[in-house]
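Reviewing the structure listed below.
Values quoted throughout were computed directly from the atomic coordinates according to the rules given, and no laboratory measurement underlies them. All values reported here derive from a predicted model rather than from experimental measurement. Backbone-built Cβ (ideal geometry, glycine too); neighbour counts: all protein chains shown.
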Amino acid sequence: QDLHDLIVSVTMEGHSGITDTAVVYVNVNDVNDNSPKFGTSCRDVIIPENSASEFVHAFVAVDADSGDNGRLSYALNNDDLRDLFRIERDTGKLFAIPLDREERDRYDLEILAVDNGPDRRTTKCVVSVKVMDENDNSPSFSQSIYSASVKEDIRIGTEVLRVSATDPDSGNNAKVTYAIEKA
């Protein structure tokens, strides 16, 4: 509580009828004695690769202090990732450029909440941003030309040649099926 109202009475000793009353207002000034705290917003995040939406997640912290002591600013503490991610200083909203899972599938970020008091207090939120695979790559053969020679009398079902193709996507997006096309 930052304001207290007190009613003070004075009585002259031995004279019960002579009294006076005053109101005293006590204003308690805040001291920066609380650190910011992240709630449930401090959690891992999954985003689709190549996402057109830049907004990723909003980080929210609270500080029990008042005034500048309780006003928070947010920062990304990963200098090496500032070209990929940015955080709004006043809102805690995290943004990212479109990310490629085949290049990197996880980013570990350290988000800071800092109060604006004279002796700044800071809290960290460490999260992983996982990049979910999209089927954005085509399969490719391991070589562009395959060649085999066979005798005309080989048995049906004999393996003549084995081709190989891969897809850099993951899971079902990386499954490759083969078919023979007529020329």
Listed residues 161, 81, 94, most fluctuating in the chain (Gaussian network, C-alpha, under 10 Å): 161
For the range 17-69, the Rg and Dmax computed from alpha carbons only, in angstrom: 23.5, 84
Residue among 67, 171, 14 with the largest mean-square fluctuation in a Gaussian network model of the chain, springs linking Cα atoms under 10 Å: 14
Dipole moment magnitude, nearest 20 debye, the range 87-143 about Cα centre, only Lys, Arg, Asp, Glu C-beta charged: 320
Expected-Rg normalisation [2.2 N^0.38 Å, Cα atoms] applied to the range 51-115: 1.26
For the range 1-73 and the range 149-183, distance of Cα centres in Å: 70
Fluctuation leader among 47, 111, 156 - the chain, Gaussian network, Cα springs under 10 angstrom: 156
Residues with amide H under 5 Å from that of residue 132, placed H, sequence gap 5 or more: 47, 49
Farthest positive-ward along the chain dipole, Cα basis, beta-carbon charges - from 96, 36, 161: 161
10 °C / 1.306 mPa s Stokes-Einstein diffusion coefficient of the chain, Kirkwood radius on C-alpha pairs, µm²/s: 69
Computed over the chain: relative contact order in percent, which uses C-alpha pairs under 8 Å that are six or more apart: 19
Length released on extending from residue 54 to residue 79, taking residue separation times 0.36 nm less the Cα-Cα span: 7.1 nm
q = 0.13, 0.14, 0.22 Å⁻¹: log10 I(q)/I(0) that the Debye formula gives for the range 1-108, counting C-alpha atoms only: -0.67, -0.73, -1.19
